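Read the figures in this text as sums done on the coordinates, not as results from a lab. This one's a predicted model, so the numbers in the text were calculated from it and none came from an experiment. A quick note on method: Cβ atoms are made from the backbone with ideal geometry, for glycine too, and the neighbour counts reach across all protein chains shown.
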Amino acid sequence: MTDQYMLWMPSLTEVQVTEILESIESIEGWFRTLPYFDWVQRGLPVNFHRESVSAAIDHVAHGTHDEHTNRTEAQYERTLNHD
């Protein structure tokens, strides 16, 4: 076998590709269950200052994280469109 022959050989089998794609889907499915996945999906900036993280945790604890996300998105949009 030559190096040219090896270049034409697939590096993964079909079964391995299927397993990898299933693993990726499983991980993505888990991410979609997280309370602030919608935040990230909308492309909102993430602030890791103590006050912001504390507020985010409080909203999850009180079941108001959706409202918090909507309010933050509206504020972010106003800021972007104002400048």
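How about the chain: which chymotrypsin sites (Phe, Trp or Tyr not before Pro) there are in a DSSP loop, with at most 15 other Cβ atoms within 10 Å of their Cβ? Intermediate values should be presented prior to the final figure.
Values: sites: 5, 8, 30, 31, 36, 37, 39, 48, 76; in loops: 8, 36, 48.
The qualifying sites are 8, 48.
Given +1 on the Cβ of Lys and Arg, -1 on the Cβ of Asp and Glu, and no further charges, what dipole in debye does the chain carry about its Cα centre, rounded to the nearest 20?
300
If you fit an axis through the alpha-carbon atoms of helix 65-82 and take the longest principal axis of the Cα set of the chain, what angle between them do you get, 0 to 90°, nearest 10?
For helix 65-82, the angle is close to 90 degrees.
Identify which of 72, 18, 33 has the largest mean-square fluctuation in a Gaussian network model of the chain, with springs joining Cα atoms closer than 10 Å.
18
Work out how much length residue 15 to residue 44 would gain on full extension: take 0.36 nm times their residue separation and subtract the Cα-Cα distance, in nm to one decimal.
Contour length minus Cα-Cα distance gives 6.7 nm.
Using only Cα atoms, find the angle between the long axis of helix 50-61 and the longest principal axis of the chain, and express it within 0 to 90 degrees, rounded to the nearest 10.
Approximately 90 degrees, to the nearest ten.
Taking the radius of gyration and the Kirkwood hydrodynamic radius from Cα positions alone, what is the Rg/Rh ratio for region 32-83, to two decimal places? Don't skip to the answer; put the middle values down first.
On the way: Rg = 11.2 Å, Rh = 11.5 Å.
Answer for region 32-83: 0.97.
Which net charge results when you count Lys and Arg as +1 and Asp and Glu as -1 among the other residues whose beta-carbon is under 11 Å from that of residue 68?
-4
Pairing the Cα long axis of helix 14-32 with the longest principal axis of the chain, what angle in degrees results, from 0 to 90 and rounded to the nearest 10?
It works out to around 0 degrees.
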